[in-house]
1. Touching a residue at least 40 places away in the same chain (Cβ under 8 Å), buried (at least 16 other Cβ atoms within 10 Å of the Cβ), touching a strand residue (DSSP E or B) at 6+ places or on another chain (Cβ under 8 Å) and not in a loop (DSSP other than H, G, I, E, B), is that true of residue A:124?
2. One residue is enough: does the range B:218-234 have a residue meeting the conditions within 12 Å of another protein chain (Cβ to nearest Cβ) and under 21 Å from residue B:165 (Cα atoms)?
3. Looking at the range B:153-199, which of the residues that are assigned to a loop (DSSP other than H, G, I, E, B) and more than 27 Å from residue A:252 (Cα to Cα) is nearest to the other protein chains (Cβ to nearest Cβ)?
4. For the list (1) more than 14 Å from every other protein chain (Cβ to nearest Cβ); (2) closer than 24 Å to residue B:114 by Cα; (3) touching a residue at least 12 places away in the same chain (Cβ under 8 Å), I need the number of the one condition that residue B:261 fails.
5. Return the total of residues in the range A:31-47 being closer than 18 Å to residue A:5 by Cα and outside any strand (DSSP E or B).
6. Restricting to the range B:319-340, give me the number of residues that are part of a helix (DSSP H, G or I) and closer than 13 Å to residue B:21 by Cα.
7. Go through A:110, A:61, A:119 for me and flag whichever is touching a strand residue (DSSP E or B) at 6+ places or on another chain (Cβ under 9 Å), more than 26 Å from residue B:194 (Cα to Cα) and free of Cβ contacts under 8 Å to residues at least 24 places away in the same chain.
8. Go over the candidates B:264, B:304 one by one and state the one that is closer than 20 Å to residue B:155 by Cβ and modelled with pLDDT of 95 or more.
């Protein structure tokens, strides 16, 4: 068969695989569950990836026993060198027919590779959160991405946690809630199927599943759109937190990134961004404050969203690592959904 | 043999068992590991308890196959009704010779029962944290005690986490540290045996052990005593957070509790209180502010520490539940280590 390149987008809740021709055409796409090895372990991670890619081969009418030329994986949790080497070694050993070569990068870098080869800032807010600046010269500066025990600010997990914590603190009289908790408390009891706060403990400890906990965020988004002030508050806080990640890397942004047509390009990845209208006031407020306080060359920014899975960027980088160049049509892969020019 | 009553203090890091005679004399004491069933699971929890009590029987020269009259357990994590009933059922089934009857209460209530039969406020800060007001009429009001995923403010875990998070945030330029991070970063790398922040991830996820993570607090206490400003800061914040728990229950304190010789009695339990000198300024500041802002009948408070394990209070409550009264000498069980009278 002609050369086929595989790509994977591995998230904390869902994953995707894609097969791409040497001309950059998508041959098949498949879906799968969480493949974050920190969350599900190495075994489940690599068997999940194998399963998606093999199903994609069959879907594309290819022989599943013929390895693809390369498999480029854009993984949430794909940062630590020793850990990703272990993933690759294990895949090579357990699935010799999966791929000829392997490459793993983070979800942020895979997303950026899908949208552009010029760089920008990626802000991921899905189950977890992460921010990465990629300068035109390829240098990278990160902020966050340490998972729910050490950050994840602005993510679906974080928003859910903030809402639940607000209910706990109000019950304890420890912190007064800024808004009425009635809606959030009821939504929490329904979503987690509990009748009191004590019932939440198994969801937080013995049966903790980050992805399920983070899924409560969807109910909060519904509440926010229906007008509940506390739901709107937690999303506004998420907007602030994510913007704060951008402010953190702002001093390291190469001047060239500010001067393009869109101003500073910010690639927004992950399902929390579907609630942009609820996050907008907090997000724009933090960036405007930072701009006013010393980043005067920062005149404009644009938020972009991907129209393709970042499995595509993964496939591109995997191919590159194997010596091939996949031509991608970046203008078709991402589009601007919000732009802001500061008053000087 | 004459009547023997067992008591257990179950913590997030260490546990203790005690056997008491009908006259209230301690016959034997033993130590064991963490018996918080949320942290180690039901199996390890009950086998740990069984092991400690059986060793205590042997130490006291008793037949290990003869059940004690009652076993009263003061457990961290001993709150949820369904969960403690399961613990008791499992113990009864697996260890028929352990005890004739069982009683489980929380670590806070067990500690209070050790110090007094009049009530007061218990503030636990060990591996985790918790606060409980016990009024003279027996009514209880709690604040906190939800574990590290939903609180534990002011605990050893929380202090360790705050210090580590400060290092992460400084590295990310996300939040500027209030003080130089050099000492804390180095202490973290030594304690966790890591060379960079990425190395911390296994300690936070795959190999997470709350008790080990919380143990880093000891190094921070050393740093604080040696003059490191960031170490001093995190303990001051712990003092504030624990005092805030007291403020949370203050509106529910029965007037009689304010008017005793010691003013409001606050029983301080757990190893974090060993660093009282580092916590003092934050703690007293928050209570003084609360007093000034509306609790004018709150004139004085005293902090007490236990001189006996709260396994003793557990034994007392277990005996009570079985219809017996253990005479305890409260004045020998607790003593005041700090008193403060507000300026009116």
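The values are calculated or read from the model by the stated rules, or taken from the named source; none is laboratory data. What you see is a predicted model, and the numbers here were worked out from it, not measured in a lab. Virtual Cβ from ideal backbone geometry, glycine too; neighbours counted across all protein chains shown.
1. Taking the combined requirement at face value, the residue satisfies it.
2. Taking every residue of the range B:218-234 in turn, none turns out to be within 12 Å of another protein chain (Cβ to nearest Cβ) and under 21 Å from residue B:165 (Cα atoms).
3. Residue satisfying both the conditions and the ranking: B:153.
4. If we test residue B:261 against (1) more than 14 Å from every other protein chain (Cβ to nearest Cβ); (2) closer than 24 Å to residue B:114 by Cα; (3) touching a residue at least 12 places away in the same chain (Cβ under 8 Å), just (3) comes out false.
5. Total satisfying the criteria: 1.
6. 1
7. Exactly one of A:110, A:61, A:119 is touching a strand residue (DSSP E or B) at 6+ places or on another chain (Cβ under 9 Å), more than 26 Å from residue B:194 (Cα to Cα) and free of Cβ contacts under 8 Å to residues at least 24 places away in the same chain, namely A:61.
8. B:304
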